[in-house]
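Please read the structure below before turning to the comments.
The values are calculated or read from the model by the stated rules, or taken from the named source; none is laboratory data. Because the structure is a prediction, the values reported are computed rather than measured. No Cβ is skipped: glycine too gets one built from the backbone with ideal geometry, and neighbour counts run over all protein chains shown. Quick note on the areas: whole protein, heavy atoms, side chains included, nothing else; ligands and nucleic acids left out. Shrake-Rupley method; radii C 1.70, N 1.55, O 1.52, S 1.80 Å.
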Amino acid sequence: MKKSLLTSGLLAALVSSLCCITPVLALVAGASGIASTFSWLDPARPFFVSITVIVLGFAWYQKLKTRKEEDIECACEDDEKPSFWQTKKFLSIITVLAALMLTFPLFAHIFYPKADKQLVIVEKSDIQTVNFEIKGMTCQGCATHVEHEVNKLDGILRVAASYELGNAVVEFDNTKTGIQEIQQAINSTGYSVTNKTEK
């Protein structure tokens with residue numbers, strides 16, 4: 001089993017989830033504008049997931065297959081202790097890391113802090129609801145990132161972003177914030193508003 005085989009499997013796992021890992025790293029770094037940098041990789045995600053599974057499956061096959069007696073040149077080979085890089089323990093660590101990266105899009109949203117909203121009394125005539133169509137969101141982490149940025153604005157009553165629908169529905173007090181400010185907050189994440197309609 002070669003290290004290059006495991007490295008390529010781990011690298012494929014990383015690339016397959018890069019579009020969802022980047023927004024979390026951007027949030028931590030305070031550079032939310034780079035969040036959508038790798039969203040172009042999302043269509044190739046199934047390809048990278050397949051490569052990861054095939055490479056790690058082959059590595060496990062190589063590690064677990066029984067060695068034939070004719071492959072053993074002398075009995076001294078059995079006495080040699082393999083290096084850590086050739087052990088099942090190392091392969092297990094690589095497999096767990098790859099699995100975490102492959103499933104990252106499923107739990108990326110937990111890394112975003114919850115916005116604590118205080119109860120605000122608003123005149124009903126001041127409440128406005130707008131549907132923003134957004135390009136570039138590829139997973140729940142992306143949608144949570146958009147919600148997080150919009151919730152930073154004053155006067156936001158409710159925001160619900162959906163990567164499946166490619167939108168964010170925002171309910172807000174139009175005396176405290178406006179459509180332009182909300183659009184700028186969404187665009188600051190690196191995703192872009194393509195259209196907006198009032199509800």
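General observations
- Estimated inter-spin distance, residue 131 and residue 4, nm [label 7 Å along Cα→Cβ]: 5.3
- Extension gain from residue 103 to residue 89, taking 0.36 nm per residue of separation minus the Cα-Cα distance: 2.9 nm
- Note that segment 46-55 has calculated 3J(HN,Hα) couplings of x, 5, 5, 4, 4, 4, 4, 5, 5, 5 Hz, one per residue in order, obtained from phi through the Karplus relation 6.51 cos²θ - 1.76 cosθ + 1.60 (θ = phi - 60°); glycine and proline are x.
- Protein-only accessible surface at a 1.4 angstrom probe places the residues 146, 193 in the order 193, 146, largest first.
- Summarising the label geometry, the points placed 7 Å from Cα in the beta-carbon direction at residue 96 and residue 158 lie 4.2 nm from one another.
- Protein accessible area in segment 160-199, 1.4 Å probe - carbon and sulfur %: 43
- Exposure ranking of 47, 107 by accessible area [1.4 Å probe, largest first]: 47, 107
- Full extension of the segment from residue 122 to residue 63, taken as 0.36 nm per residue of separation minus the current Cα-Cα distance, would add 14.7 nm.
- Structure note, pairs 124/152; 124/196; 152/196; 152/199; 135/196: Cα-Cα distances above 18 angstrom occur for 124/152; 124/196; 152/196; 152/199.
- Label-to-label distance, nm, for residues given as residue 81 and residue 199 (7 Å Cα→Cβ offset): 6.4
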